[in-house]
Each structure stands twice: as structure tokens, then as C-alpha cells.
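See below for the structure under consideration.
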Amino acid sequence: MTETTPLEPIKTPYRLRFIGDEQLQQLQDATLSILERTGVKFPSEAALKVLADHGALVDFKTQVVRFPRDVVLSAMKTVPSRFKVGGRIPLYDFHLGDGCTYFTTDGCGVETIDLDTRERRPSRKEDVAMMARVVDYLPGIAFYWPMVSSQEHRRTAPLHDLDAGFRNTLKHVQSETIMGGSDARYALEMSTVIAGSKEEMRRRPIFSLLVCTIAPLVQDKDGIEAAMVLAEEGVPVGFLAMPTLGTTAPATLAGALSMADAEVISATVLTQMINPGAPVFHSIMQAWADPSSGRYVSYPLDPRGRYAPVDMAHHWRMPCLGACYGTDAREAGTWQSGSEVALDAFMIGLTGVEWVTGLGLTHTYTRLYPESLLLDYDLYQKARYALMELDISAESLALDTIEAVGACGHYLAQKHTRKHMRDAMRRGVCHQLTPDGKYQDPRQYAIDQTKWIIANHRPEPLDAARLTELDRILASADRQLN
């Protein structure tokens, strides 16, 4: 077992808005118009019944729901603008809306480059667990998205991913793959075991869920039914719209964002009908279709679609999950893998977003090179330091030391220098030293450091009773669902 370290979120006095107030109101009016005139398809009888009972206009035959403006605005008033999530220990609890930005990994990749053999293979539960331990070690990563999937467990892979997270990190775990009411109930049972009770789970939920919508203007049946189960119990749920400009969304950014917003808001309204005040967060991660081929592209020259949705969420007074990283590069450590994501953490840190995904995957969110997490983490820390308020105090101004050295002197022998020099330069991956004092190759350092963390870092294990309960729940889920 190794020592725990407090979280290191981005905290900055600086702010940058990508959309002005007038434009935000135009976008919100467009969202309300889409919801009222066009509607959103909810392929779930349970959801349709709730919506019909609370004033939405439901066509049960087509499953399309239209939302009168007053129904939307009334429901949105009950969405909390801030809420708390918990880790396995209170040190890793944090509030969305406390002025900090908390980052996580990327998630649900399908293949791994083996850390030892360097062979490409389908991901396994051991990979999910391995990366959870690396996340536990890194103080700048505040919560864990299972980065790849436990594919050997087939239908119940998302529950095994959750289990691997609970066993290998003390931090909050967020799933983006748990789907359906049955899976959500199993996940709720597992997280309640970790939290200790239903009351404690409500007070500081150790688990949350992100549900993807289906562009254009459709809710996923299993996703929305999982969200309904968790919203009723007060477990935080987010809705993520992923429009692709020109194919599943209009080819203009404003059109794509307003359509995506309608998907997110329609699902949010449903949760508030079920449980007014249920914690919900907002997310839009749009991409483009290359007009020459239709190929999915997430990083062209124009990045505004990554940061503008934060302003949209905040205009609704909702917490937001922002989008970062996830390079289209096929391999870690290349110019493309660094250049595409280089500004992400810095730019989104300026928006005041509450939490952000997702470090560590390549090949457009599908492939894990374990060392990629350390490489992306280096960019995160650069952004964190760049956005910090500069320390200007009597100690940092060092006027007495400047006077003592005077003109043409040297500072190395000064007491002030001995006190501060070791902390003055923060070493990133490009300035790590070999035993003979040379700088290491950054990618090789990231590989070696990842191996060191896995070999040496051991978060506090779960007690035997909780492990037994997790095993029991998973065995039941495997029997029922596989």
C-alpha cells in the first residue's frame, strides 16, 4: 500500500468564453424550437409513459416526443448547478462547481498495445485494472473512466470494468458503457457495497454514469433506461451527444450544436420528471465527416466545437463534461499524437468547465498504448501550471537576496536559492535524467514510468467482505446476462 496524494485539478482566475450572451440565447432558442417542433425519439415504453404523464406530447407509434417550451423550462429549473461526487476515501471527493476543473482518462477503447510484448491485442480486464492503478497514482487525474473494456466477459464487460476500477483506485469511477435497467441495478448494487450504504451513496456517490445519445435526435433505449434507474436513486448521470457535421448533424457548427443540445436537454428533462433535483451533467463532443471520403475526423484545424459546448451547458446552469485528447494518431509518441491535443487542456481550462475527459487513447479513442497516459498527463500538467495565478509575495520577490548578490554576483550560494531551486524547475517527460545525467527519450521514459507505477503503487485494498460481495454480484450478473 502506498501513500495517497491530494488531487491536483486546474484552478485558475482566468476565463475565456467562446460564445457571447446573445449567441447563447440564439442557440438555446434553437434547442427549444427543435424540441417543440421536431421532437426527439425515445424508443423506450417506460420513458414514453413518464414523458406523457408530465406534459410532453408523445406519439407512441413513432416514439417521437415533442416538448412544449414551458415543460422544458419548468423541468430545467430543478437541475442542480453543482453537486458532489465521492471517492473511496474522502480525500478524493470533489464538488462540481467549486471553481476547479477535474480531468479523467479517455474510455471504452477496444484494443491494447501490450506494455511488455508491444503486441496489439483485444483489451482484457487486467488492462482496465492496470490503468486504474496508474490513474490512482497520478494526482492530476481526479476520477477514472475505464480506458478499455473487459472483452473476455462479453455482455457483462461494463460491470467487470466497474469492478476493476473499484478494486484498483480510491478515486471516483465513471462508466460510459453500462446500459439497460438490469445493468444499472447491478452497478448500483456494486457501488452501494463500496460506499457502505444507500444513504452514503446518495451523500457522496462513488460512481456516476455517462449515457450517449444517438444522432440525429434519438435516445438510446438501453442508455436512457439505465439513466432512469440511476436518476431515481440520485446517482449522477450525464448525457453526451456526439454529432458528426455533415452526416449525422448539419454541416454547420451552430446547427450541429443546437441539435446535439436538444438531445441532451430532452434526456435531462426526463430525469427531472422522475426525480426533481437529480444530479445531471451536460456534454457535447462533435466531430466532422471528411467531405472527400466521409471518414470520421475529430481534430481538424477548427477546435471551437470542443470548447463552445461548455458555454452552452453553463447557460442552462448545468455542470459540463468537456472533451479533450483522443487523438486520431494511430500510435503514441508521434508528432500528430502530441500536436493534435497540445492545446486541449489549456484551452478548456479557461472555460471553467467542471470535469473533462479524456487522456490516454490513440486511433480516435480506440487504442491503448499504456505510455500514452503519461505523455498526455505531461500536457495536462503544463496547462495546469500555465493557468495558475502567479505567486507574488515578499518571499517570491526575494528583494533581500537580490540586494545581497548585487550586480555581477551569483545566486547559487544564497540561502533563498537553496530553499527554492529544487522546486523552481518542474521536470516534464522531456527533461527526465538518465543515471549519467543526460535527458531520456520522452516516450521511453513514459514506458518505464508506467512500468514502475504498476510494479510499485498499491492503493489500499478493499476489505474481504466487500470483495466477497462484489464477486457475488458479478457472478449473478454473469449468469443472468451472458
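Since every read-out is calculated from the coordinates, none of them should be taken as a lab result. All figures in this text were calculated on a predicted structure; none of them were measured in a lab. Positions of Cβ are generated from backbone atoms using ideal geometry, with glycine treated the same way; all protein chains shown enter the neighbour counts.
Anything over 29 Å Cα to Cα? Flag those among Lys41/Lys77; Lys125/Lys438; Lys125/Lys171; Lys382/Lys451; Lys171/Lys382; Lys84/Lys221, in the order listed. Pairs exceeding the cut-off: Lys125/Lys438. Counting only Cα atoms, the size of the range 353-482 along its three principal axes is 78, 33, 32 Å, in decreasing order. In a shell of Cβ-Cβ distance under 10 Å around Cys100, excluding Cys100 itself, what net charge do Lys and Arg (+1) and Asp and Glu (-1) give? Result for the neighbourhood of Cys100: -2.
Looking at the range 397-436, the trypsin sites (Lys or Arg not before Pro) that sit in a DSSP loop and have at most 16 other Cβ atoms within 10 Å of their own Cβ are Arg426, Arg427.
Relative to the longest principal axis of the Cα atoms of the chain, the long axis of helix 181-195 lies at roughly 40 degrees. Between the alpha-carbon centers of the range 250-279 and the range 7-83, tell me the distance in whole angstrom. Measuring centre to centre over Cα atoms gives 4 Å. What the Cα convex hull of the range 131-229 gives, in volume per residue, is 113 Å³. Amide H contacts for Ala287 (H built 1.01 Å from N in the peptide plane; partners 5 or more residues away or on another chain; cut-off under 5 Å): Thr244, Leu245. Cα convex hull, the range 1-124: 255 Å³ per residue, rounded to a whole number. Overall, the range 259-318 carries a charge dipole of about 100 debye about its Cα centre when +1 sits on the Cβ of Lys and Arg and -1 on the Cβ of Asp and Glu, all other atoms neutral. Sparse packing (at most 12 other Cβ atoms within 10 Å of the Cβ) combined with a DSSP loop state is found for the following GluC sites (Glu not before Pro) in the range 58-130: Glu119.
Using bins of 5 Å that start at zero, the share of Cα-Cα pairs per bin across the range 179-328 amounts to 2, 10, 18, 20, 18, 13, 10, 6, 3, 1, 0, in whole %.
Rg over Rh for the chain works out to 1.00, using Cα positions for both radii and the Kirkwood form for Rh.
Against the main long axis of the alpha-carbon atoms of the chain, helix 372-387 sits at an angle near 80°. Based on the Kirkwood approach, the hydrodynamic radius assigned to the range 51-157 is 17.9 Å, with every pair of different Cα atoms included. Highest-first packing order for the peptide set 467-478, 280-291, 82-93 is 280-291, 82-93, 467-478, based on the mean count of other beta carbon atoms within 10 Å. Report the FRET efficiency, 1/(1 + (r/R0)^6), for Arg317 and Arg204, where r is their Cβ-Cβ distance and R0 is 22 Å, rounded to 0.05. Taking R0 as 22 Å, the efficiency between Arg317 and Arg204 is 0.45.
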